[in-house]
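Novice: Would you mind keeping the following structure in view while I ask a few things?
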Amino acid sequence: MKKRKKIYSVFSFLLAGTLCLSMAACGGTPTPAEDETTSSAPLSGALPVKALQPKHVDENPYMAKSDANIHHDGYNTDSTDEILPLGIYPEINVSFETTNPNASPAIYFDNYGHAVVPLLGGIAIRDLNATETKTLGYFSPMQHDGGGYVIQSSYTFLDSKNRVVCPTSNNHVLILRTTEEDGSVIPEFEKVLDIDIKAAAETALGKELTQNLLSVVFDYDGNLWFATGGFRIYPERQQQGVLGYIAHTAIESILNGEQTDLSKAVFVYGLPLGEGAENGIAASKDGAVILTNQNCYLLRAEEGVNVVWCTPYESVGAKVSHDGDKTTGGGLAWGGGCSPTLTPNLVLFTDNADPVKLLALDMKTGEVVASMPVLDDLPDGYQVAVENSAIVYDDGEGTVSTIVCNWFGAGNAGLADPDNDSSIQSYANIYDQNWLMKGNVMIAPGVERVDTLKTADGYEMKSVWSRNDLRDTAIMKLSTATGYIYGYVQDLDTGMWQYIILDFATGETVFTMDVSNKYGYNNMAIGMYTGSNGNTLYCPTGYLELLRLQDRFVYLPELPYREVDLDQAARNVLSQDQFEQDGGEGTVASWHNTATICNVHPNTIVAFRMNNLSGSASDLTLYAYGADGKLEKVGSELWSLTDETGANVTELTDGVLYELRVTVSDGGDFDLSETEKEIKLSVVLGK
């Protein structure tokens, strides 16, 4: 077999006047380079930063502080405060999957930055940036627990102590210890809790459940809420389901190795026959919010399940393609289909009416305070089903922006068959084969931004922009740090699967980067995931390749042939409070940039590319972190701000790409690495 090389594509910008693409393959494995027919440079140079206020999410003390579930947080916002690529000499790198049948379909991050992903029916911490995806530690039901079940990864999440909390296909909930106290990964995870939720719920309800466990989440008091259901719950099938919780005190007792009487710790609310959850649970300080196929609930744990409010909504039932439609599949859900998304004051979700409406409910009362049709101007032959959780961004000043995406056509129409079990999470069961093979021509278009505005009289909704030329199933992501929406779509004219970036304010496509025109590069309706290093957008594909879009924002100007490992570099938003706490003076003037340089010369110039600077260069001070975690001023003789040719600049314009060039010494004051011939530098500008 040929030696496997790193796969990447580097696009210089129009301002540089050149375009360079370089890719290499391993053996007979298809790669983006082999499949490309044309390559498109970004529409412009590096995108200007259009930073938004951080997302308005109250921190859940029982969940990890990182992007801890597939919707990033307990509010299900599908937004991140992490920095994502801006088209600064962008490239696509690849990690090859050699163990799983598919590239990692779900990714969450613990507080140490470890990627937690599904693995062969279990769960693992894996290095997703290695040339071949590498397992560092794992839990396998087959190897470690006798088998007979798999972990349901869609609604797995990480708790505040970095433990994995996961529902299983045999109706249990597990908690797995994955790391030691110092953050090192345990090679074989330790199961520290195992509860048969279905059995406990049946005992509490006094009835047999005919729905399976679907999703779990911690509320803000540490109670573990659960819901039964599936992707398609038909009322006429009269299945018995429940909503409920396991008391925090019982969970803590079990984790402490104590015997616990679950009959006094599991509380349930029996649903009417034929009602059940179809997606994930959200939680805020007000309680747990669960959307079933017929109602939206706010529930609180008060020595039993307190239904604070229950708000019904409209649904025309499960949607499938009709004769004459341009699709062959359908939607997944009988009801609304998307997980509810929260702000401190509102609950937002789409119904499944005709036309589909976005609903905003008052968090305290459940009253529908605003609604409007969405995606209601599609061409003939297309239906609407919003199956993925919407992006919801609360600016904290009275405007809540919601981005909804049409999903219709990707779902398997066979889900309507009476004997189909919609809780089985497999590609064959869930997805339309024509869509998997023919691509996004088989799904309906539609992406729309709707703002919910606080007024003197209540709330009102308005459409800000709508795109009927985009067909996205990849669960788009919003970065508040950059002000852009990130997606993965197929260009129907060229057949190219490609990363795209949309301007949050206008909906305009401001960046595209081609991947391949082979059908296997379909994203498979799986989410996109943001790395914790501020420079990675992961995208799984059906070709066993996990793509990561990255900016080459750091390089060595004296050694242009030497590439800095982007996976050992980071750029993060440093808050003003943290800047001052760490010893900085004045105000933060740039992102916090970090890079590790291997096999260095005694003195090396490291250049960080950035385009969010303005004002006079003489007003800026460079700070570097020392080994004590404190910021120290860097002497002016050791750093400079230049343009891309290396010429010094005095006046800075926001949106123009500059280089912060820093001279560092191996083993010097600002070298955070103890390894010889390796430098780790961590810097931020202050004003």
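Novice: Of all residues in the stretch 446-463, how many are among the polar types (S, T, N, Q) and within 10 Å of Gly398 (Cβ to Cβ)?
Specialist: So the count comes out to 2.
Novice: Being touching a strand residue (DSSP E or B) at 6+ places or on another chain (Cβ under 6 Å), of a type in the set (A, V, I, L, M), assigned to a loop (DSSP other than H, G, I, E, B) and under 24 Å from Pro54 (Cβ atoms) is the filter here; which residues of the stretch 476-524 pass it?
Specialist: Hit for the stretch 476-524 is Met476, nothing else.
Novice: Return yes or no: is Ser263 free of Cβ contacts under 8 Å to residues at least 12 places away in the same chain and touching a Ser or Thr at 6+ places or on another chain (Cβ under 9 Å)?
Specialist: The answer is no for Ser263.
Novice: Next question, about the same structure. Quick one: how many residues across the stretch 136-165 are among the polar types (S, T, N, Q), buried (at least 17 other Cβ atoms within 10 Å of the Cβ) and not in a helix (DSSP H, G or I)?
Specialist: 4
Novice: So, in the stretch 452-490, how many residues would count as being over 18 Å from the mean Cα position of the chain (by Cα), at negative phi and in contact (Cβ under 8 Å) with a residue 12 or more places away in the chain?
Specialist: 17
Novice: Give the number of residues within the stretch 305-320 that are open to solvent by 30 Å² or more (accessible area, probe 1.4 Å) and farther than 18 Å from Pro373 by Cα.
Specialist: 7
Table: residues versus (1) closer than 24 Å to His71 by Cβ; (2) small (Gly, Ala, Ser).
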{"position": "Glu91", "(1), (2)": "no, no"}
{"position": "Val116", "(1), (2)": "yes, no"}
{"position": "Gly122", "(1), (2)": "yes, yes"}
{"position": "Val150", "(1), (2)": "yes, no"}
{"position": "Ser153", "(1), (2)": "yes, yes"}
{"position": "Thr156", "(1), (2)": "yes, no"}
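Novice: Looking at the stretch 421-431, is at least one residue part of a strand (DSSP E or B), closer than 16 Å to Tyr382 by Cα and open to solvent by 10 Å² or more (accessible area, probe 1.4 Å)?
Specialist: Checked against the condition, which is being part of a strand (DSSP E or B), closer than 16 Å to Tyr382 by Cα and open to solvent by 10 Å² or more (accessible area, probe 1.4 Å), the stretch 421-431 yields no hits at all.
Novice: A further question follows. Can you list the strands (runs of 3 or more DSSP E) lying wholly within the stretch 538-639 that have 1 or more residues being in contact with a Lys or Arg (Cβ under 8 Å, 6 or more places away or on another chain)?
Specialist: 545-551, 592-598, 603-610, 621-625
Novice: With respect to Pro54, is the statement that it is modelled with pLDDT under 90, part of a loop (DSSP other than H, G, I, E, B), out of contact with any strand residue (DSSP E or B) (no Cβ under 9 Å at 6 or more places or on another chain) and open to solvent by 10 Å² or more (accessible area, probe 1.4 Å) true?
Specialist: When the stated conditions are applied, Pro54 does not pass them.
Novice: When residues of the stretch 81-102 are filtered for being hydroxyl-bearing (Ser, Thr, Tyr) and touching a Lys or Arg at 6+ places or on another chain (Cβ under 8 Å), how many remain?
Specialist: 2
Novice: Among Thr645, Thr650, which is open to solvent by 10 Å² or more (accessible area, probe 1.4 Å), polar (S, T, N, Q), without any contact (Cβ under 8 Å) to a residue 40 or more places away in the chain and in contact with a helix residue (DSSP H, G or I) (Cβ under 8 Å, 6 or more places away or on another chain)?
Specialist: Result: Thr650 is the single residue among Thr645, Thr650 that is open to solvent by 10 Å² or more (accessible area, probe 1.4 Å), polar (S, T, N, Q), without any contact (Cβ under 8 Å) to a residue 40 or more places away in the chain and in contact with a helix residue (DSSP H, G or I) (Cβ under 8 Å, 6 or more places away or on another chain).
Novice: With the condition being open to solvent by 50 Å² or more (accessible area, probe 1.4 Å), I'd like the strands (runs of 3 or more DSSP E) fully within the stretch 173-255 carrying at least 2 qualifying residues.
Specialist: Hits in the stretch 173-255: 185-196.
The values are calculated or read from the model by the stated rules, or taken from the named source; none is laboratory data. These numbers were taken from a predicted model, which means no experiment stands behind them. Quick reminder, even Gly has a Cβ in these numbers, built from the backbone with ideal geometry, and neighbours come from all protein chains shown. What goes into the accessible areas is simple: the full protein's heavy atoms, side chains included, and nothing from ligands, DNA or RNA. Shrake-Rupley method; radii C 1.70, N 1.55, O 1.52, S 1.80 Å.
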